[in-house]
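The values are calculated or read from the model by the stated rules, or taken from the named source; none is laboratory data. This is a predicted model, so every value here is computed, not measured. Cβ placement follows ideal geometry from the backbone for every residue including glycine, while neighbour counts extend to all protein chains displayed. Ligands, DNA and RNA are stripped out before the accessible areas are found, and what is left, the full protein with its side chains, is counted by its heavy atoms. Shrake-Rupley method; radii C 1.70, N 1.55, O 1.52, S 1.80 Å.
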Amino acid sequence: MESASNSVSDVIEGVVFSIQDTGTARISVSTDIASVEESIQTFLDAVNSVLLTIQDYTKYDETKETTSSDPDDIGNDNYSASQLTSEKGGLLQGNYGVQLFASRFSGLLGSSPPGFQSRTSATDLLSGDVLANLANMGIKTDTDENSDTYGLLVIAPESSLAALQQLDQENYEDMINNNLEAVVDFFCSSGTGASSSADFRYNSHVAGITKGGTYDVSYSVDADGNIEHVYVGGVEATRDTSQPGYYYSVASGDARGLSLSIDDLSEGAHSGQIRIKEGLIPTVNSFLKSELTYNDVNVSANATDDQIADAIYLKSQNGALMVLQVNYKTIMENIEDKISKEQDRLELWESRQKTYFANLETLLKQYSTMQDQLETQLKQLSSSSD
């Protein structure tokens, strides 16, 4: 090999070394397992911070000190007009939007990321992955209600069955020490393609277009060796004649942009799967970003069916918490509008009362003057009669 400089980076993938002198040398590369474990714990801490926030806002605390909102207690030290301090439940306890978010988030953490699936057997390398979910690695939700980490993701959480906790710990250590590449792939994979069949190969996909996931692939070959009806994820793929060989690509559906090459031209039906793997960290990141999405869509009265369908789709992409935020914002705006109208009404009422009072004062003065005049006339009449 040749290099334009003494810094060489294209010999061993991921390794850069500098040549200091002529001669021979041995380079040993070892994996920093401690650093990997630290990164995993950092990820778990970040996830648990979200779970803790949900717990804090939705929990019911029997021991919480509350205030009284009873009007009869006005003036007492324990009285407060605020509903927030008079209830033992969290601020968002029972809120549907938070419940929906929590359910989606927990479901994501407990399932396999897109494109990952457990192997059907330990020896069948094409059928799946060594590590397909957190539970395979001994990372589970702590279900002990007396634990400080209740409801959080924990490595080998305490269990009433000691053997189960030990098994989780063994699974974790086995993955870290013996299957580290699978661990990194599970957490960090970003658009990694894989085929479950020797009949065809994953070729490429378009980042940001092709969705991560598992796609069923099927095709048939006739007696003359012609490939027929190539389907990927239920969508018929078309051959790319610009390249040598049998390359097929998908133009629609979730697999849009996916390309595969067919190797087995033996007569008959062929099937298998292609998986586009997205690791757990990118999956969680995408989920949280989607939950922060809000499309403010307004449909006019004369909108077409396509425009209505597009509006419905855009609204369906809105995150549960964003919908909740917008709903509360609308409620607050309505309350502020009611307060403003009530203030206007009170100001108008006050102005009218002042006018009424001023008119009454004027009328009373007139009556007082008339009274004085009448009294004077009565005195004069009385004097005349005498």
Of the listed values (1) 38, 25, 20; (2) 74, 32, 22; (3) 48, 23, 21, identify the label whose number matches semi-axes √(5λ) of the Cα gyration tensor in Å calculated from this model. (2)
Filtered hits (aspartates and glutamates, Cα-Cα < 17 Å from residue 365, offset >= 8 within chain) -> 375
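My understanding is that a pair violates if its Cα-Cα distance is over 27 Å; which of 211/329; 289/338; 88/329; 88/338; 140/289; 329/354 do that in this structure? Can you show the working numbers first?
Working: 211/329 33 Å; 289/338 35 Å; 88/329 25 Å; 88/338 29 Å; 140/289 24 Å; 329/354 37 Å.
Violating the 27 Å limit, Cα to Cα: 211/329; 289/338; 88/338; 329/354.
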If one computes the Cα centroid of the stretch 335-366 and of the stretch 259-309, what distance in Å separates the two points? 62
Running a GNM on the chain with Cα contacts under 10 Å, which residue among 347, 291, 361 ends up with the highest mean-square fluctuation? 361
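Sort 333, 62 from largest to smallest accessible area, using a 1.4 Å probe on the heavy atoms of the protein chains.
Working: 333 95, 62 115 Å².
If we order 333, 62 from most to least accessible, we get 62, 333.
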Have a look at 22, 149, 293 and tell me which one the Gaussian network model of the chain (Cα, springs below 10 Å) gives the largest fluctuation. 22
Estimated distance in nm for a label pair at residue 79 and residue 302, the labels positioned 7 Å out from Cα along Cα-to-Cβ: 6.0
Between 0 and 90 degrees, rounded to the nearest ten: what's the tilt of helix 320-385 against the longest Cα principal axis of the chain? 0
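Looking at the chain, send over the antiparallel percent of its DSSP beta bridges, to the nearest 5. Please report the intermediate quantities before stating the final value.
Values: 35 of 37 bridges.
So the antiparallel bridges amount to about 95 percent of the total.
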If one compares the long axis through the Cα atoms of helix 305-316 with the longest principal axis of the Cα atoms of the chain, the angle in degrees, nearest 10, works out at 90
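When the solvent-accessible surface of protein heavy atoms is calculated with a 1.4 angstrom probe, in what order do 129, 144 fall, highest first?
Details: 129 20, 144 55 Å².
So, going from the largest accessible area down, we get 144, 129.
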Any idea how far the Cα center of the stretch 20-39 sits from the one of the stretch 97-122, in Å? 35
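Could you do me a favour and compute the accessible area per residue for the stretch 62-166, 1.4 Å probe, result in Å²?
Working: 6350 Å² over 105 residues.
Dividing the accessible area of the stretch 62-166 by its residue count gives 60 Å².
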Report the residue, chosen from 224, 254, 296, that carries the largest GNM mean-square fluctuation when the chain is represented by alpha-carbon nodes joined by springs under 10 Å. 224
Which value, in Å² rounded to 10, gives the accessible area of residue 379 with a 1.4 Å probe and all protein chains present? 140
